[in-house]
1. With every protein chain in place, what's the accessible area of residue 44 (1.4 Å probe, Å², nearest 10)?
2. Can you give me the span-like helices of the chain, meaning DSSP H runs with 27 Å or more of Cα extent along the axis and Kyte-Doolittle mean at or above -0.5?
3. Given the chain reduced to its alpha-carbon atoms as identical point scatterers, what log10 I(q)/I(0) does the Debye formula return at q = 0.10, 0.15 Å⁻¹?
4. Can you give the accessible area of residue 25 in Å² (nearest 10), computed on protein heavy atoms with a 1.4 Å probe?
5. At a probe size of 1.4 Å, how large is the accessible area of residue 79, to the nearest 10 Å²?
6. To the nearest 500 deg cm²/dmol, what mean residue ellipticity at 222 nm is calculated for the chain from DSSP H runs of n ≥ 4 alone, each contributing -39,500 (n - 2.57), summed and divided by the residues?
7. Work through the residues other than residue 76 whose Cβ is under 15 Å from its Cβ and net out their charges, Lys, Arg +1 and Asp, Glu -1.
8. In percent, how large is the relative contact order of region 11-146, given Cα pairs closer than 8 Å and 6 or more residues apart?
Amino acid sequence: MAKAESAEISTEEKIRQAAHKVFTRKGYAATRTRDIAEEAGINLALLNYYFRSKEKLFAKIMTDSLQHFMTGIKAVLNDETTSLEEKIERIVINYTDMFMDEPDLPLFIMSEVRTDPDRLLTRMNIKDFIFSSHFMKQYQQYAKDHNKTP
């Protein structure tokens, strides 16, 4: 029984890795589930068994990708011990590190945000998080102090 469970986890992870690779390379619209199945080395029926649809698989991959990116950013944005300038520097460092690890990911995220911003921003609560962050308070104070509109 444990061996069967291990095989299921392995197959699901193989599908996720393949989907991540294909989606980031081609984007949602140009990706077919058949492309993902071929990349994973499985048949299409098995992919459908695990994820039911391209949309569900895409949602999982996008959520995982954004969470991976946002994990580092959230800690930076809400750190009350750092200045606005330090936060911006750390955000750039996190973004650069992510870009080095996954060079296709930033373009993928931007492309998908441009295509359907509500789908991603709503799913990840990004707007609410950013606007309620300590970073935003610091930015608003900076804008006020320098007579700029935030």
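1. 50
2. Working: long enough: 2-26 (36 Å, -0.93); 54-77 (33 Å, 0.24).
Those that clear 27 Å and a mean of -0.5 are 54-77.
3. -0.46, -0.86
4. Spelled out: residue 25, probe radius 1.4 Å, area about 130 Å².
5. Counting only protein heavy atoms, the figure is 40 Å².
6. Values: 9 runs with 120 residues, N = 150.
Using -39500 (n - 2.57) per qualifying helix, the result is -25500 deg cm²/dmol.
7. Working: positive: 74, 87, 90, 137; negative: 79, 80, 85, 86, 89, 97.
Taking every other residue near residue 76 into account, the sum is -2.
8. On the way: 89 pairs, mean separation 36.2, N = 136.
Reported relative contact order: 27 percent.
The values are calculated or read from the model by the stated rules, or taken from the named source; none is laboratory data. Since this is a predicted model, take the numbers as computed values, not measurements. Note: ideal-geometry Cβ built from the backbone for every residue, glycine included; neighbour counts use all protein chains shown. With ligands, DNA and RNA removed, areas are computed over all heavy atoms of the protein, side chains included. Shrake-Rupley method; radii C 1.70, N 1.55, O 1.52, S 1.80 Å.
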